[in-house]
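One structure below.
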Amino acid sequence: MDSSIAMEIFAGLGTVGAVGLAAGGYAYASLWPSSQLFGKALIAPQRAGEIALTFDDGPNPAWTPRLLDVLAEHNVKATFFMLGSRAEQEPELVRRVATEGHLIGNHTWSHPNLARTAARRVREELMRTNDVLQQIMGERVRYFRPPFGARRPVVFRIARELGLTPVLWNAMTSDWSETDAEKIAGALAKKIDGLDKSGWAANVVLHDGGHLVQGTDRGPSVNATGMLMTKYKEALRFVRVDAWSEA
């Protein structure tokens, strides 16, 4: 093979490889919860012995009240990242969540993938949700979780301009599709135990609602929550994510 041709082929392969690496790096930065490449987000501190239960996609009139009852039985305060469109439909349920001492955060209005959403719509999604939640609660919203964990630099910039701290997670399983509560709790327990052994707090994601259909069955997630609280009530301290703001 002519040396000049070989050089061209290798150069082309190098370009393809670079493009592949760049694409992979973008995907990691935009979706992987622990990535801080696109901006700093609150996950969990290096503080063993603590756990935050967080719930996405509510409020759900069919299951959020039952979840609140379970949390109250265990005297645990949690964090709820709510969709603005759902909150507007269920203002009394939003008030109940806040009145019972749980933290409420912004999960956008309609659950878009913000890594692919125009900046103007990102701002509209967050502002509209902030406005509805603040009108219902009578207090400022301070935390924001991007749907799917998807983000890019402009998303975090807009969030911070609106006074919102981005929050991701370090313990999640497919509770949105799994129908066996024991499997959900077991998978999360493995992650929680691993984090605790490594000296980290656990920021656990579960779902009390569904972004596609209101009233989605979240019985398995609610039951798994009860199992986790029973398992860790003596071993770990349950906190809201705002306990970690200064960590």
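Considering only the range 132-187, state which residues are out of contact with any Phe, Trp or Tyr (no Cβ under 9 Å at 6 or more places or on another chain), surrounded by 15 or more Cβ atoms within 10 Å (Cβ to Cβ) and polar (S, T, N, Q).
Residue satisfying the conditions is Thr173 alone.
Suppose we keep only residues that are surrounded by fewer than 24 Cβ atoms within 10 Å (Cβ to Cβ) and closer than 20 Å to Leu114 by Cα within the range 71-98. Which one would you say is farthest from the chain's Cα centre (by Cα)?
My answer is Ser85.
What number of residues within the range 22-74 are in a helix (DSSP H, G or I) and modelled with pLDDT of 95 or more?
10
Would you tally the residues in the range 189-247 being small (Gly, Ala, Ser), farther than 30 Å from Ser110 by Cα and in a helix (DSSP H, G or I)?
2
Among the residues of the range 118-132, is there at least one that is among the β-branched types (Val, Ile, Thr) and closer than 29 Å to Leu228 by Cα?
no
Only residues that are more than 18 Å from Lys191 (Cβ to Cβ) and hydrophobic (A, V, I, L, M, F, W, C): list them for the range 43-75, please.
Ala62, Trp63, Leu67, Leu68, Val70, Leu71, Ala72
Could you pull out the residue among Gly209, Gly215, Gly219 that is of a type in the set (Gly, Ala, Ser), within 19 Å of Thr79 (Cβ to Cβ) and touching a residue at least 24 places away in the same chain (Cβ under 8 Å)?
Just a single option satisfies the conditions, and that option is Gly209.
Being of a type outside the set (Gly, Ala, Ser), in contact with a Leu (Cβ under 9 Å, 6 or more places away or on another chain), over 20 Å from His102 (Cα atoms) and modelled with pLDDT under 95, is that true of even one residue in the range 167-184?
Taking every residue of the range 167-184 in turn, none turns out to be of a type outside the set (Gly, Ala, Ser), in contact with a Leu (Cβ under 9 Å, 6 or more places away or on another chain), over 20 Å from His102 (Cα atoms) and modelled with pLDDT under 95.
Of all residues being of a type outside the set (D, E, K, R) and touching a Ser or Thr at 6+ places or on another chain (Cβ under 7 Å) in the range 115-131, which is surrounded by the most Cβ atoms within 10 Å (Cβ to Cβ)? Just the residue, please.
Only one residue tops the list, namely Thr129.
Please give the helices (runs of 4 or more DSSP H) falling wholly within the range 87-180 in which 3 or more residues are basic (Lys, Arg).
Counting at least 3 such residues, we get 119-137.
Every residue, every condition in (1) farther than 16 Å from Phe80 by Cβ; (2) under 19 Å from the mean Cα position of the chain (by Cα); (3) β-branched (Val, Ile, Thr), yes or no:
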position: Arg151; (1), (2), (3): yes, yes, no
position: Ile158; (1), (2), (3): yes, yes, yes
position: Glu161; (1), (2), (3): yes, no, no
position: Thr173; (1), (2), (3): yes, yes, yes
position: Asp180; (1), (2), (3): yes, no, no
position: Gly209; (1), (2), (3): no, yes, no
position: Met227; (1), (2), (3): yes, no, no
position: Arg237; (1), (2), (3): yes, no, no
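Run down Lys190, Lys233, Lys197 and say which single residue is of a type outside the set (Val, Ile, Thr), more than 19 Å from Gly149 (Cβ to Cβ), exposed (fewer than 14 other Cβ atoms within 10 Å of the Cβ) and touching a His at 6+ places or on another chain (Cβ under 7 Å).
Checking each option against the conditions leaves just Lys233.
The values are calculated or read from the model by the stated rules, or taken from the named source; none is laboratory data. Computed from a predicted model, the values in this text were never measured in an experiment. Don't worry about glycine lacking a Cβ; one is built from the backbone with ideal geometry, like all the others, and counts go over all protein chains shown.
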